[in-house]
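Notes follow the structure.
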Amino acid sequence: MGIGVLGLIPVSSPDSLKKVLQTLSGKWGDVVEDLERIQVKPMKGAMTNQVFMVNWPTKDNHFHHRKLLVRVYGDGVDLFFDRKDEIRTFEIVSRYGHGPRLLGRFAGGRIEEFIHARTLSTVDLRDPQLSALIAARLREFHGIKVPGDGNVLLWDRMRNWLGQAKSLCTPEDSAEFGLDNIESEIDFLEHELQYEYKQQEIGFCHNDLQYGNIMIDEDTNSITIIDYEYASYNPVAYDIANHFCEMAANYHSDTPHILDYSLYPGEEERRRFIGNYLRSSGEDPREEDIEQLLEDAEKYTLASHLFWGLWGIISGHVNKIDFDYAEYSRQRFKQYLIRKPQLLCTFTNKMYE
């Protein structure tokens with residue numbers, strides 16, 4: 001849908017968003033003469049983007065897109081991914097029946113189909129019934145076929161982010177975070193986790209499965225996974241590991257940057273999730289398959305800590321939202337150092353030598 005004219009309209013407030021929607025409604029034959037009739041409501045759930053639910057009366061009052069979601073991209077996030085690739089992924093994922101449909105784009109954001117569902121909270125992730133639904137939906141997501149070489153992106157992406165972090169940090173900050181030694185940690189993990197486990201399953205991974213990116217339609221119990229900025233091919237064990245790590249976070253608390261690792265799921269909870277994940281394919285999984293994925297996911301939590309630790313360093317320099325990115329990174333790197341000797345038999349801690 002060509003709506004390049006929307007790029008001429010600044011998007012920074014509900015009033016300016018109304019003007020964007022007035023232009024769009026005209027392209028759909030539903031011109032709204034009175035801007036006051038367009039309702040714009042800020043939505044909670046997103047961390048770096050601004051999200052608005054928009055509603056307006058249409059000409060015949062039955063146009064099925066009259067309730068929309070407008071997403072305004074956060075500052076600086078384009079450093080982490082290619083926006084064109086993300087939009088392409090959005091459209092492919094939608095064709096597979098995941099997520100909302102893309103309805104239009106404008107400079108600095110996009111317009112999506114509105115999903116009649118609620119965004120999960122951090123406590124929802126611990127609900128056994130909801131967790132089983134999430135596991136099954138994630139299994140389906142991993143089966144999406146996205147054109148391309150299908151190669152694992154995790155390690156190269158971290159090396160790229162490490163270079164960006166080094167270029168942004170002062171020598172003092174670089175020393176505090178141990179940036180000069182992280183490349184050897186990435187190399188070590190890639191060897192230990194990827195090359196030592198050649199049989200691991202590779203799938204199209206979400207890579208950011210925190211509670212704010214999961215929605216549920218409570219009438220149908222249908223789970224929708226949204227926001228694919230970081231999606232790529234990776235070991236499915238990494239995606240599961242990252243989801244487990246996110247159970248320590250509450251991004252809507254008074255201290256959203258603080259992670260409580262006492263909330264990290266115990267073995268029984270992790271085993272139940274993985275069992276539901278594998279079982280959703282239609283066959284009862286073998287116990288050894290559950291054990292292997294359970295072990296692999298635990299080891300991939302180390303990669304998740306490095307990944308989001310680097311993300312936090314970069315975000316602290318490019319994003320202005322009220323979030324203590326530096327402290328968030330410190331916690332991820334600290335957890336990496338705590339867990340590494342527990343999870344890997346052969347190791348050297350070089351980050352802070």
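The values are calculated or read from the model by the stated rules, or taken from the named source; none is laboratory data. Just so you know, these numbers come straight off a predicted model, no measurement behind them. As a convention, Cβ positions derive from the backbone with ideal geometry for all residues, glycine included, and neighbour counts pool all protein chains shown.
Brief remarks on what is shown
- In the condition set (1) modelled with pLDDT of 95 or more; (2) outside any helix (DSSP H, G or I); (3) surrounded by fewer than 21 Cβ atoms within 10 Å (Cβ to Cβ), ARG271 is compliant with all but (2).
- In segment 155-168, the residues that are of a type outside the set (Gly, Ala, Ser) and surrounded by 14 or more Cβ atoms within 10 Å (Cβ to Cβ): TRP155, ARG157, MET158, ARG159, ASN160, TRP161, LEU162, GLN164, LYS166, LEU168
- Number of the exception - THR255 against (1) assigned to a loop (DSSP other than H, G, I, E, B); (2) β-branched (Val, Ile, Thr); (3) closer than 20 Å to LEU189 by Cα: (3)
- Restricting attention to segment 322-353, the residues being exposed (fewer than 14 other Cβ atoms within 10 Å of the Cβ) and either modelled with pLDDT of 95 or more or of a type outside the set (Phe, Trp, Tyr) (or both) number 9.
- Checked against the criterion of being at pLDDT below 80, part of a loop (DSSP other than H, G, I, E, B) and either surrounded by 18 or more Cβ atoms within 10 Å (Cβ to Cβ) or among the charged types (D, E, K, R) (or both), segment 82-104 has at least one qualifying residue.
- Answer residue from segment 188-219, given it is more than 24 Å from VAL146 (Cα to Cα) and either of a type in the set (Lys, Arg) or surrounded by fewer than 17 Cβ atoms within 10 Å (Cβ to Cβ) (or both) and is nearest to the chain's Cα centre (by Cα) among those: ASP217
- Each residue in segment 106-119 was checked for being over 25 Å from HIS252 (Cα atoms) and surrounded by fewer than 18 Cβ atoms within 10 Å (Cβ to Cβ), and 1 of them qualify.
- Put simply, of SER184, SER174 the only residue that is at pLDDT 95 or above and closer than 19 Å to SER315 by Cβ is SER174.
- Scanning segment 293-320 for residues that are in contact (Cβ under 8 Å) with a residue 60 or more places away in the chain and aliphatic (A, V, I, L, M) gives ALA297, LEU302, ALA303, LEU306, LEU310, ILE313, ILE314, VAL318.
- For segment 238-256, the count of residues that are more than 30 Å from ASP85 (Cα to Cα) and within 21 Å of the chain's Cα centre (by Cα) is nonzero.
- Residue under evaluation GLU229, criteria (1) under 20 Å from ARG139 (Cβ atoms); (2) of a type in the set (Asp, Glu); (3) buried (at least 17 other Cβ atoms within 10 Å of the Cβ), criterion not met: (1)
- If you go through segment 169-187 and keep only what is crowded, with 17+ Cβ neighbours inside 10 Å and within 25 Å of the chain's Cα centre (by Cα), you end up with CYS169, PHE177, LEU179, ILE182, GLU185, ILE186.
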